[in-house]
Every structure is written in C-alpha cells, then in structure tokens.
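> Mind having a look at this structure? Questions to follow.
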Amino acid sequence: MNCEDKKLYQLSVNIAHLFILITLSYFSTLYAAMGTDAGEATDEAEPKMGIEIETSAIKVKLDGEKRIGFIVSKEGRNLWMIEDDTYDHTFEGTGHDRNLECKTIGGFSRESELPQIIDAIKRNLLYFHENSQRAPLVMTPELIKTQLSDEYRVSPKKDGPHSVEVKSKSEDNKVKLQITYQLPLAHIPSVFMRLSNLNHNDIKGFLLALKSSTEPISAEEIAKKTSSTFATDRHDAETYKLRNFFVSHLAGHISKLQPGNLKGFCYLFSFYWYQLFNNKEYLRDQEPGPKQFLGIMSRVPLSQLFDTLSPKDQKHFRSIFDSIIEAVGSDYHIIPYDNYEKRPVFDTLKLDEWYGSLVEEGSRVNVGGRMVDLLSPPPGLEDVDYSMGIMDIHKDSSGLPLLEVRGYANIRQMKERLTFDTFDSFVNDEARWFFGLFAGDDKK
C-alpha cells in the first residue's frame, strides 16, 4: 500500500468512526426523548420518602409578609428546613399566629438517611417548645445550630429574614404529620393497605368498597341516615350509597387486575371519586380546599399519571370506566369546600368532566404552561399554590407518582404517637415499612 493509499484508507476509517458516533448519539437522544414524552420514569427515578411536621404548639410571629425559612444543610446538600405554615390565632393580639413546620427537602432514597434527620428535627422542636413558653424567643440560624452537630450548616432562605420570634403553648405537644412517598404506580395499593392497617376509617371504608364480597348497606339504613337532622349522618348516607355502587359496579373489575401500574392508577382514581365526588353537603369551619378529604393525595396531576400508563393499560382503564362514567358521571358533583378566604366553593364540576380531563388531552386546561386535569388545582384555588397536582412528574419526581399521606391525624390510635417525644419512633417505623417494599433494591 503506497502513501496515497494509506491516506485514503485512514480517511475512510475516520469517516466510518464519525458516522458511528453520530448514529449512536442520534439514537441515544431519540430514546431519551421518547422516554420523556411518554412520561416514563427515568433511570434516576427511585423510591424516596420525605416528611412534614406541623405543630400548633409553637407559634411564629411574622414581620409583615416576609415568610421565614431556615435551611439545614450538610456537605452542600439541603436536608430539611423550618418555616411557618397555617394561621392559628391561639395567642390573640400578640401576632404569634402561624404554626411552625419542619420538613425534609427533596426526599431520601435510603432508610439509613432518615433517623439523623428526624432526630435533629425532634431536638429543635423540643428546644423551642420548652424555651419559649414563659416569654417569646428569637429563633435564628445560630440558635438552631446549637441543637445540631458541627457538620451541619443553617442559613435563612433567599430573601428571608435572619430571625423570627416564636412562642409556645405549654399544654400542647402534638404534631401533625405528613409523609411523602415517591414510588412506582404498582406500589400504590400497598400504601392504601398500610393506612388501612393503621385503622384509617376512610381508607378502610374505601377498600371495603373495592371488594365484591362486601355486604351492601340496606336501603332502610341509608334512608334513616338521609333523613337525620345531623349533617354527619347525611354524609354517612352518601358514603353508603357510593359504597354500594362501587361494590356492585367496580369491585369485580378492579379485584381481577393483576398487580401493576394499571391497578395502582385504578386505586387512586377510584379513591378520588369516592372521597371527592360523592354528593355530600357543605360543612363549615373546614381546612381550605378538598385535600382535607384525601388521606392519600397525589402531588402530581392525575392526568400526568394516566399518561405514564402504557397504551395497553390506558385502553384497559377506559374499558372499565368509560361506560360507567357515561352512565352516572353527571350525577356526581365535587364536594363543597372553603377557599383561603373562608368562603365556600360550590362548584359545578361533575365527575364526568374531571374524568374527561384525565383521559382526553383536549379536555385539559393550561395551568402555568402545563396541560393538566381539572383538579390540578381544584376549582376556586387556581390563584394559590395549592398542593393537589402542583408538582410536575417530569421535573419533580423523575416520572414517578408523588403521594402525600395526610391521614394520620384522623387515626384515633395515632394521637399518642404523634407528640414531640414520640413522633420519631412512628416515622422510623413507617420508613422501615416503606423501604422494606424495595428491600431487594438495596434501599437500606
């Protein structure tokens, strides 16, 4: 091979290498785009757990409209934060009218990461509760740091105040717990079973409605409740009617489904129907919005969860529900609730309208540049950062569902376990259960 032939040969080799690289890059990009467009979980998606702990025992006094936020970090990673939350006018006239809240940031993918975080939160709650009973105490990053080991750093959030005054109630030591789970759709039924095993009445009633063997409530019992002068009895009557309907029309379909994403989505959709579209009447003095009725709530839009189902599962879902919704969907309206101005929202949203916005892209609405279903956010709460469906499944949870379990305060047996002294034990128990679902995936 002469010199000229060698040059031609080398040139052809280089061109071939370049062609291979371009081809690989193109298909890699195409594959990634296809996964994202289909709403599939990315390779980085993994089960995670986070917590929020709100307490009415420690009150925050804001300086004007400036919301507080003290961020605790370690080795450059933000771990958890202290902030103000719900209005509560226990100390009338003093300005200490916001509950204190501690919450993790981003969630944790291993059980072993949580105990230290929970212990640090507990020590700060105990410290500020004990030391601000007789007189208000000024909370600062430096004071928070005294309850932490040296490797932690505490700083105010951007544009937030460096200090805030807090005052506590000596007779109160209760906490309100929420746990957030990022997990595959297929595991959602396990979350329902967990809440049922903890004796959450709404969840237990819902799961009974999904069993075709459940005995129907008699017409006489329903009539008795319907004619009662007590609103709670009339609410029970509507629950009984819907339970009977689920048992006779839905339970057989859902109970036959194999464990998987379709079954998980059916549980979540049916629970929203059961809790929110049940024709119950308005009750005063409620927490704002309909999430108060959801012991298990999705922080990403259900329409985005529907989009993550395979075409086969979407078709199967519609084969179960389309005819049922067409027959009765206009008979069920959303339950009334208060907005943040304590005014009732009597919206006309019907079950069939919401269902259409789940399964038909053309029926969705534009909220902040996302086309989402009609409960993301719910009617009357479009101008506030309401947590139902507020997160984005692609940006915030790597293509996985993000569930907020809110129902612990409604479990009578939990009240003694949800105090400053004992909540850590309960949270650690829930972490062991949750990560135990994925024990084969090395989540310890």
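> For the chain, what is the Kirkwood hydrodynamic radius in Å, using each pair of distinct C-alpha atoms? Before the final figure, lay out the partial values.
Values: mean 1/r = 0.0410 Å⁻¹.
With all distinct Cα pairs of the chain included, I get 24.4 Å.
> Calculate one ³J(HN,Hα) per residue across the range 251-264 by plugging θ = phi - 60° into the Karplus curve 6.51 cos²θ - 1.76 cosθ + 1.60, and present them in order as whole Hz with x for glycine and proline.
These are the phi-based 3J(HN,Hα) values: 4, x, 5, 6, 5, 7, 5, 6, x, x, 4, 4, 5, x Hz.
> Calculate one ³J(HN,Hα) per residue across the range 129-140 by plugging θ = phi - 60° into the Karplus curve 6.51 cos²θ - 1.76 cosθ + 1.60, and present them in order as whole Hz with x for glycine and proline.
Coupling constants for the range 129-140: 5, 6, 9, 10, 7, 6, 8, x, 10, 8, 7, 9 Hz.
> May I pose another question? Based on alpha-carbon positions alone, could you give the equivalent ellipsoid semi-axes of the range 89-140 from the gyration tensor, as √(5λ), descending, whole Å?
Working through the eigenvalues yields semi-axes of 29, 13, 7 Å.
> Right, something else. What residues qualify as long-range amide H neighbours of residue 298, i.e. H under 5 Å apart, gap of 5 or more or another chain, H built at 1.01 Å from N?
HN-HN under 5 Å from residue 298: 404.
> Return the long-range amide H neighbours of residue 97 (sequence gap of 5 or more, or a different chain), with a cut-off of under 5 Å between placed amide H atoms.
When sequence neighbours closer than 5 places are left aside, the close amide H contacts are 60, 62.
> Related question: Mind checking which of 98, 243, 318 has the largest fluctuation in a GNM of the chain, springs on alpha carbons under 10 Å?
Among 98, 243, 318, the largest GNM mean-square fluctuation belongs to 318.
> Sorted by mean Cβ packing within 10 Å, highest first, what order do the peptides 382-388, 332-338, 214-220 take? Spell out each step's value before the answer.
Working: 382-388: 14.3, 332-338: 20.7, 214-220: 12.3.
Ranking the peptides 382-388, 332-338, 214-220 by packing returns 332-338, 382-388, 214-220.
> For the range 305-319, in order, what is each residue's ³J(HN,Hα) by Karplus, 6.51 cos²θ - 1.76 cosθ + 1.60 with θ = phi - 60°, in whole Hz (x at glycine and Pro)?
Once θ is set to phi - 60°, the couplings for the range 305-319 become 5, 4, 5, 6, 5, 5, x, 5, 5, 4, 5, 5, 4, 5, 5 Hz.
> Another question, then. What are the residues whose amide H is under 5 Å from the amide H of residue 139, where those residues sit 5 or more places off or on another chain and H is modelled from the backbone?
Correct list: 164, 165, 166.
> In this model, which of 48/103; 74/174; 59/174; 158/342; 263/312 are farther than 20 Å apart at the alpha-carbon?
Details: 48/103 14 Å; 74/174 28 Å; 59/174 13 Å; 158/342 30 Å; 263/312 13 Å.
Over 20 Å apart, Cα to Cα: 74/174; 158/342.
> Share of Cα-Cα pairs in the range 48-175 beyond 19 Å, in percent? If you can, show how the numbers build up before the last one.
Details: 3639 of 8128 pairs.
Value for the range 48-175 (Cα pairs over 19 Å): 45 percent.
> If each DSSP helix of 4+ residues adds -39,500 (n - 2.57) and the sum is divided by the residues in the chain, what number results at 222 nm, nearest 500 deg cm²/dmol? Please report the intermediate quantities before stating the final value.
Working: 13 runs with 173 residues, N = 444.
Per the formula, -12500 deg cm²/dmol.
> Which shape class applies to the range 297-365: rounded if a/c is under 1.5, otherwise prolate when a/b exceeds b/c and oblate if not, where a ≥ b ≥ c are the square roots of the Cα gyration tensor eigenvalues? Display every interim value, and only then the final one.
Working: a/c = 2.80, a/b = 1.60, b/c = 1.75.
Oblate is the answer for the range 297-365, as a/c is 1.5 or above yet b/c matches or exceeds a/b.
Every read-out reported here was derived from the displayed coordinates using simple, explicitly stated rules and does not represent laboratory data. Source: prediction; values computed, not measured. Heads up, the Cβs are rebuilt from the backbone with ideal geometry, glycines too, and the neighbour counts pull from every protein chain shown.
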